[in-house]
Amino acid sequence: NFEHVRSFLAHMGIAESQADLVPLTTTAESQKDFQRLINFLDSDCRLRKSIRIGVIYVRRDQFDQKSILCNTKGSPKYEEFLKELGEEPQDSAKRKVDPEVLCYYTPVLEVVFHVVTLMPTKEGDDQQLEKKKYVGNDSVHIVWTENDRNYRAGTITGSFNFAHVVVHPLRNGLCRIKIEKKKRKDQRADKVSNDADKKVVDFFGPLITGMMISMDILAPLLRYTAVNARKSINYKNIQLFNSISERRSSLGMIIRKFGTKSKFSAGQGSFIDSLSLS
């Protein structure tokens, strides 16, 4: 029954024992603040952290941003690849706001793919600002190119777009991989620092330049590589926190604020605190 399960979890260090349970009490004045903190747990403090990746399709003889952003569909191989890459959003609200995205879920991570060919194309807009608003702000791009020339990292202009995992489909059914990275001086040419030649993206994998990958295993390997690229970017404000520990910390703050006794200890539950994305 419930009491036995709670006792077992307490012995495993996953939950506090019954003796340490803290009753919560609110007054008429504090009820609004309490409800706001609870709502925060279900909105900003989700169990899954979200990573956004841009997905770009390049046709043969396409070299510029204008023509690439105007693509509305791709080749049969590309469309097959998209089906393996992700699925429609599970969140009904996200499905209404961003119907053009694909998602991939793990227990602690939500990967959102901004797919250029799925986004609506606006007639008369040479820059396709609505598409670029999303893809131009993604730190990592997956580029499916059927062009004979190599894809340049600065093709889609913007202050981000640091890492590009480029896929060249071949006639023999394999795909050739190439990794492109922006250098710091490529992003702010007007403010070149002393370390301008340093790349903002460290080494990441498992896919690396020169690999030949079968379509059967391409999508999962690309997902892992794109997520690792996102984690490797050398910016302090780009971090993947342990969302379970973050949620537990917020619960601890609520208990300390509204609990009738102070037996809660942030040091308990070491099993949960030890979980990480790595």
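Tabulated results
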| read-out | value |
| --- | --- |
| Probe 1.4 Å, accessible area per residue of the stretch 101-141, Å² | 42 |
| FRET E, pair Asn39, Ser249, Förster distance 25 Å, beta-carbon r, rounded to 0.05 | 0.90 |
| Cα-based shape type of the stretch 80-176, given that a ≥ b ≥ c are square roots of the gyration tensor eigenvalues and the cut on a/c is 1.5 | oblate |
| With all protein chains modelled, accessible area of Cys70 [1.4 Å, Å²] | 50 |
| Fully extended contour minus Cα-Cα distance, from Arg176 to Met215, at 0.36 nm per residue | 13.0 nm |
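The values are calculated or read from the model by the stated rules, or taken from the named source; none is laboratory data. No experiment lies behind these values; they were computed from the predicted model shown. We place every Cβ from the backbone using ideal geometry, glycine too, and count neighbours over all the protein chains shown. All accessible areas refer to the heavy atoms of the entire protein, side chains included, with ligands and DNA or RNA removed. Shrake-Rupley method; radii C 1.70, N 1.55, O 1.52, S 1.80 Å.
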